[in-house]
Each structure stands twice: as structure tokens, then as C-alpha cells.
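The values are calculated or read from the model by the stated rules, or taken from the named source; none is laboratory data. Only a predicted model underlies this, so the values are computations on that prediction, with no experimental measurement involved. When we count neighbours, we look across all protein chains shown, and the Cβ atoms used for this are built from the backbone with ideal geometry, even at glycine. Please note that ligands, DNA and RNA were not included when accessible areas were found on the heavy atoms of the full protein model with its side chains. Shrake-Rupley method; radii C 1.70, N 1.55, O 1.52, S 1.80 Å.
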Amino acid sequence: MSRLFFITSISLVAASIFLCAHPSRAQTASDATLPAASTIITITPANKDSVFQLPHRFISAFSDSVVLDSSQTLRRGVEYVLEYTQARVVLDSVFKAELFGSGERQHTLEVFYRYFPFQFQDSYFRRKLVVLKDSVGRDTLRVAKPRSSFGLDDIFGQNLQKSGSIVRGFTFGSNRDLSLNSGLRLQLSGKLTNDIDVVAALTDENTPIQPEGTTQTLQEFDKVFVELRSTDAAATLGDFNLDFAGTEFARLNRKLQGAKATADYRFGFSHGSATASAATTRGKFNTNQFPGLEGVQGPYRLTGRNNERQIIVIAGTERVYVNGELQTRGETNDYTIDYSNGELTFTTRRLITAASRITVDFEYTDRQFSRTLLAGQNASEFWDDKAKFTFSFMREADDPNAPIDVSLTDSARALLQAAGDDRAKAILSGVTQVDSNGFYVLDSTTIGTTTYRFYRYAPGRAARYVVTFSSVGFGQGDYVRKSIGVFEWKGPGQGDYLPVKFLPLPQLSQIMDLAV
């Protein structure tokens, strides 16, 4: 008996079509971007074969030429034919007979051509057909045998270096349930083709842990990206750093997550480079400037754009200056930083006095709105670098319809719309009245002829108010913070807190810069 199982095989039909199954001169002739090669073939009268195999598989159509004995160029299609998809040189039989008609000596053929640097197999398949015989050899059975597991080497060859780890574990404790943990990290590097390199770091973990700011070099735990590089272009998907060195108005150095592409070009009397990026930002940029305290090395608390204290500084984004001099992070250098609390501490190597002027540029996250960044820059040089033209565009915007850790009611949305970009109008009362067991009582005092009403911290059954305070800046508020959850009224303009809640304002920043 005989049984036949159907097997699906994917041959490289697309590659064959692309690589000149029906080539045209306009599309493939003399493509200078492809690598060039040459092969020397020796033919003798004893060699009856007129077909010679070339070492490279996919030949660019009409890029070939054949020279006989380093002197005579053969005519394509008359004296020889080059089968591009099979990479074979076929000599005309009449021409070969005439070649050895005058004498018994060998000749050399030098074949010049350009080729596509692909490393495809002839076919890819999940199963292969195997013929099995019975014990007496009278009957056969054809079965579909599973092929070995499909891997990256089947597509890209043996040029990739791969490493990684798989983690399986569990966590339990006296105050928590049993939970299972799983993680995968994979690193790839190597060549896809002769001109294209790949570097990738992939993971299915999402850890909120940030590296400690006590060393000069930080280890990124959650950086995930795929980067492709060639001679004149590169593309990155995932986490990357975007660095624009433009004018003082268009300089940018940010940690982003998205896509970035760069390319170098040369056109006529000019050459240059172009960069484009579309990404989501990991945080907002801010600058804190403050004087040092005599003999106090820290910690100095960093705040957000609107004096927010509950911020998380993005690891590795800070630039610390003391009296205009850039400092180096590390316990053995100038300063350390606690990213989770946003606190900066200077080491004994950099002594802080009342005359010290401290400036800190950093990125921080407050998890209010989803934020995107579109950026592009082109720098061109002309006439042997005698002139330079730079164009930069950046647009960073919050999505008001995509709040993250903020819950907005319809009344709050209406208030935001009416406030525009005025933060002082986007506020809600921070006072909530309860029946009993609050934290604050309403009190009053008279200064001169004016009576002021304020909230005094007195937790207990008689307290009828729960109050939320927000930082408004030194000299702008009436309360000061004594400890966690405890605020004391000092008088109008004598503090930096008010009993209000600020609504987050969606922000938009964009700039276009031309420099010659």
C-alpha cells in the first residue's frame, strides 16, 4: 500500500521574482550600492561542461561582464548567458568549439558582477516527507516527519550571537499571597547581511526598579530595543536616547521610547545627516536653581515645574552644576542622588557653602497624561564645509484624553477647559467636611482689623475636616509643613502651602529652529 501526506513548502518565489525572473535594465543595471565580486574560471579541452557555478547566489541582472584571457570581452546573450537566480555561467556551445579549434590549450574566464547579499535557503518547511519500509521490504509508507525546531539561524544564518536568561520563581510572605514570577531576557548582535548589523535587547519583564544614583555608570534594567545599522543609515525601535546638538534654542537630550531613524547623505556639493523620531516621553524636563546652605551637603529636594514634591526622577537624566561646573555622579565623585525621592546629596569632595549656586537639569515623571514627542533635525554642509545649514523641529504634547493616574470628572474637565493655560484657575478646594474623626478644625484669628479663618491640626472626634494641602511656592501660601500630614497656619504670604488641589494642565511645547 502507499499513502501520501501533503506537505506545505514555502519556496523563495518572491525572491526569485525580485531577483530578476524578468529583469529590466532600468531597474537593475549597474546598481552601485550592491557589493561587487569577480571570479576566475579555468576551462580546458578536457572539460566537457559548459556550465560554471558562481560562489554568490543572487546576481544583479545586467551587472555582469565576462573577459576571456584578460583581453577579449564576451558578448552577453551571444557567447555566454548568465542565469541570475541560479548564479551560473553558460557558454555557448558553438563559441566553445571555436575556442579550442585552433589549439589544445586552456583559457581563463574572469566574471565580473554585482550581487544581492542574501542568505536564503531554497525552501522553508515545517515537515519533510520520509519513506518508511516494512520489515520485509515489500510495502512502503510515506509520512510527514516533523523537522527540527525552527530558529533564527534558519533565516539569518550563523552570524548572530545570542545570549539571555529565563527566570522562573515564586514569592510568598507573612503578609502576602503566593505569587509566581516569570521573566525572559534575550540579547542579539551580529550581521544580517554584509552591510547590515543588528543589536537587540528584548525582555518580557516590566520592572519599576530604577538603578541607584551612587555610581558613575548606571545599569539599565528595563531597556528594550532593536537597532539596525548600515554604512549610511540606522534605525532603532524601543528605548533610546535622542541627542540633538543644534543651536541654544534647539538642543535636546532625552530618554525616549518609540522609533528613531538616522541617515547620512551626499548630494552634489553638499553632504549632511538627517534624524527623525516619534516616541513617547518617559518624563518631563525641568530645571531647579537654588543656593546652597552653609555646611549642608544635603539632601536637597528636587521639585517639578509646579513645585510638585511627589516626583520620581528618571535615572541618568540629571545634569548637576555647582557654580557653573558640571559635577560627576558617584560616591567617590561629587554627588549621589535618590531617584525615587528626588533628593540630591553632595559628597565631601564637593563642599557646599552659602555662596554655592546649584543648578540641576533633570527629567521626572508625575504620571498625569500620556505624552508624545515628534522631533526631526537636518544638518547640511555646502562647498567643502564653508557653509552649514541646520533645521530642527520639536513638538512635545500631553494627550488630554489619556490621563494616567488622574481621574477627571465632567466638572473637572469643564474647569480645565475654562482655565486654559492659567494654573491658578485650575484648582479645586482641598477641604472635605466629615461628620466626626477628622484631622482639622476651623479656627480664626484677628490681625489688626482683619479676621482670618484657617484650619488647625487637631485630630479627634471634634475635628470636622479632612484637608489636602498643595505646595504653591515659598511666600505664596499661608501654611508650612511641620511633618507628614501636619500643616500649620503662619499667616498670609508666610508659607508655601494652601488648602487646594491643583488639576493637572495638559501641556504643549513646540519649536522650529533654522540656523545658517
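Summary table below
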item: Nearest-ten-degree value, helix 410-419 long axis tilted from longest Cα axis of the chain; result: 90 degrees
item: Region 351-384 and region 72-111: distance between their alpha carbon centers, rounded to Å; result: 65 Å
item: Descending semi-axes in Å of region 93-133, equivalent ellipsoid built from Cα gyration tensor; result: 43, 21, 8
item: Geometric extent, Cα atoms of region 341-433 - Rg, Dmax (angstrom); result: 22.2, 74
item: Unit charges on C-beta of K, R, D, E only; dipole of region 314-446, Debye; result: 280 debye
item: Order of exposure, largest accessible area first, which applies to R168, R142 with probe 1.4 Å; result: R168, R142
item: Evaluated over region 245-288, the Cα radius of gyration and Dmax, each in Å; result: 14.2, 47
item: Percentage of interatomic Cα-Cα distances in the chain larger than 35 Å; result: 62 percent
item: Cross-link table K425/K482; K191/K255; K260/K388, entries beyond 29 Å C-alpha to C-alpha; result: none
item: Bins of 5 Å, starting at 0 and running to the largest distance - Cα pair percent for region 363-516; result: 2, 7, 12, 13, 13, 12, 10, 7, 6, 5, 4, 3, 2, 1, 1, 0, 0
item: Nitroxide proxy distance, nm - points 7 Å out along Cα→Cβ at K501 and A354; result: 4.2 nm
item: For region 223-327, fraction of C-alpha pairs farther apart than 17 Å, in %; result: 68 percent
item: Two-site FRET efficiency, V296 against F382, from Cβ-Cβ distance with R₀ of 45 Å, rounded to 0.05; result: 0.25
item: Net lengthening on full extension, A32/F100 (0.36 nm per residue, minus Cα-Cα); result: 20.9 nm
item: Gyration tensor (alpha-carbon) shape descriptor, region 62-117, a/c threshold 1.5; result: prolate
item: Förster radius 51 Å - calculated FRET efficiency between A46 and K128, Cβ distance, rounded to 0.05; result: 0.85
item: The chain: relative contact order in percent, alpha carbon pairs under 8 Å with at least 6 residues between; result: 9 percent
item: Distance between region 454-486 and region 278-341 - C-alpha centres, whole angstrom; result: 27 Å
item: Dipole magnitude of the chain about its Cα centre (Cβ charges: Lys, Arg +1; Asp, Glu -1), debye to nearest 20; result: 1300 debye
item: Histogram of C-alpha separations across region 288-392, 5 Å bin width, %; result: 2, 10, 19, 18, 13, 9, 9, 8, 7, 4, 1, 0
